[in-house]
1. Which of the numbered conditions does A215 fail, given that it passes all the others? Conditions: (1) in contact with a Phe, Trp or Tyr (Cβ under 9 Å, 6 or more places away or on another chain); (2) assigned by TED's automatic domain parsing to the domain that holds A251; (3) outside any strand (DSSP E or B); (4) not polar (S, T, N, Q).
2. Contact list please: Cβ distance under 9 Å, first residue in the stretch 159-180 and over 11 Å from R192 (Cβ atoms), second residue basic (K, R) and part of a strand (DSSP E or B), pairs at least six apart or on different chains.
3. Residues of the stretch 175-207 being outside any strand (DSSP E or B) and not hydrophobic (A, V, I, L, M, F, W, C), which ones?
4. Within the group S174, S163, which residue is closer than 19 Å to A64 by Cα, surrounded by 15 or more Cβ atoms within 10 Å (Cβ to Cβ) and small (G, A, S)?
5. Anything in the stretch 298-315 that is closer than 12 Å to I332 by Cα, over 42 Å from the mean Cα position of the chain (by Cα) and in a loop (DSSP other than H, G, I, E, B)? List them, or say none.
6. Within the stretch 245-262, identify whether any single residue is of a type in the set (V, I, T) and farther than 17 Å from D66 by Cα, and answer yes or no.
7. Going through V236, V282 one at a time, which residue ends up being at pLDDT 90 or above and closer than 30 Å to S331 by Cα?
8. Based on what the data block shows, is D279 assigned to a loop (DSSP other than H, G, I, E, B) and not polar (S, T, N, Q)?
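The values are calculated or read from the model by the stated rules, or taken from the named source; none is laboratory data. Since the model is a prediction, treat every value here as computed from it, not as a measurement. Here the Cβ positions follow ideal geometry from the backbone for every residue, glycine too, while neighbour counts run over all protein chains shown.
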Amino acid sequence: MKTPTTVFAALTFASLATLSGCGTGEASVNDAETIQAATPVPVEVAQPYRLDIFATYDATATIASDADAPVLARVAGEVVELLVEEGDVVKAGQVLARLDGERLRLEMLAAKANLEQARKEYKRNVDLHKRGLVSTSMFEGLKYDLAALEATFELKALNYDYSKIRATIPGVVSAREIKPGQNVTVNQVAFRITDTAELVAYLQIPQAQLPKFQAGHSATLTVASMPETDFPASIVRISPTIDTRNGTFRATAVIDNSDHRLAPGMFGRFTIAYEKHADALVIPAAALLDEDDLTSVYVVSDGEVVRRIVETGIEADGKIEILGGLDENESIVVVGHSGLRDGSKVLASNKFQDSFSG
């Protein structure tokens with residue numbers, strides 16, 4: 001049987017053992033935190049960089065051609081020859097097809113013969129009129145008849161020339177609507193020509209953005225078929241009225257397509273640069289920390305980081321303008337800042353700097 005003294009001694013020993021164990025755990029935790037704080041954290045850094053930066057607005061629209069014209073048959077007749085096909089590049093006035101114009105040719109020759117006869121008759125009467133052998137009224141009648149026959153001949157010659165269907169504008173034959181042997185009627189569409197050297201797009205922009213835009217602003221265009229390629233464009237016109245149906249205004253963008261890589265009907269995304277800040281100090285947007293309505297970055301100095309409040313401006317293409325809080329020769333953490341705090345030791349690499357400045 002254990003005595004009270006024996007039980008008290010056992011409890012005292014257990015309590016001391018427990019306290020001794022707790023003290024060892026706390027020491028281990030403190031040691032780990034100390035080691036972690038002293039171990040440099042690998043980070044990637046960059047320095048602020050100067051370049052021209054633009055405030056931009058994104059809009060989407062379908063690309064079209066502003067020069068798209070149907071080619072009509074001016075006279076009726078049978079198609080006897082086709083000289084172009086869809087996709088061919090043509091010049092203004094180039095013959096695209098020929099109609100059977102034999103009847104028109106004969107009518108032109110008959111009108112020409114009548115005209116030549118009238119000219120000879122008129123010349124013969126000029127001298128007679130001067131000598132008073134032909135009355136003025138008769139001579140004037142001959143003059144008017146000659147003018148009428150000249151107009152008739154020119155009309156017949158024009159109709160004969162219309163048997164050759166010609167391109168009205170330069171461009172690409174986008175559609176052929178007639179076939180060999182087909183009888184076409186007057187004003188029937190024979191071809192359609194599209195000039196793709198310059199394309200347009202009509203951008204619908206919210207009226208709240210109207211003060212930001214004006215003719216002359218530059219833009220870039222991307223299309224789904226060539227997502228890695230930027231095509232230059234510019235805003236050439238801005239409608240002075242608002243569309244009451246959707247509260248937008250229309251801005252017309254022109255795209256230089258002299259290399260014919262784009263085609264009407266493509267759906268494009270436009271990035272419009274409406275404000276330029278020249279020689280701005282910029283950093284990668286990934287370096288920013290947003291907390292408590294404050295924007296800051298980690299600045300690296302002597303192997304440690306310090307959190308710095310910065311003032312920002314325009315953001316574009318993964319870069320952001322710095323208006324205050326940073327100097328051009330300071331290094332900032334871009335990758336690896338999630339676990340940092342003021343005074344953290346870091347092991348800096350400028351791998352990100354190469355991609356940023358290049």
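1. Only one criterion in (1) in contact with a Phe, Trp or Tyr (Cβ under 9 Å, 6 or more places away or on another chain); (2) assigned by TED's automatic domain parsing to the domain that holds A251; (3) outside any strand (DSSP E or B); (4) not polar (S, T, N, Q) is unmet by A215, namely (1).
2. Taking only residues 6 or more apart or on different chains, the pairs are S163/R98; K164/R98; I165/R98.
3. Initially, the stretch 175-207 is screened for residues outside any strand (DSSP E or B), giving 177-182, 185-188, 207.
Residues satisfying the conditions are E177, K179, P180, G181, Q182, T185, N187, Q188, Q207.
4. Values: S163 fails: closer than 19 Å to A64 by Cα.
Being closer than 19 Å to A64 by Cα, surrounded by 15 or more Cβ atoms within 10 Å (Cβ to Cβ) and small (G, A, S) holds for just one of S174, S163, which is S174.
5. Listed by number, the list holds a single entry, G303.
6. Filtering the stretch 245-262 for residues of a type in the set (V, I, T) gives 248, 252, 254-255.
Add one more test, that the residue is farther than 17 Å from D66 by Cα, and what stays is 248.
Checked the stretch 245-262: at least one residue is of a type in the set (V, I, T) and farther than 17 Å from D66 by Cα.
7. Details: V236 fails: closer than 30 Å to S331 by Cα.
Unique residue meeting the criteria: V282.
8. Working: assigned to a loop (DSSP other than H, G, I, E, B): no; not polar (S, T, N, Q): yes.
Here the answer is no, as D279 does not meet what is asked.
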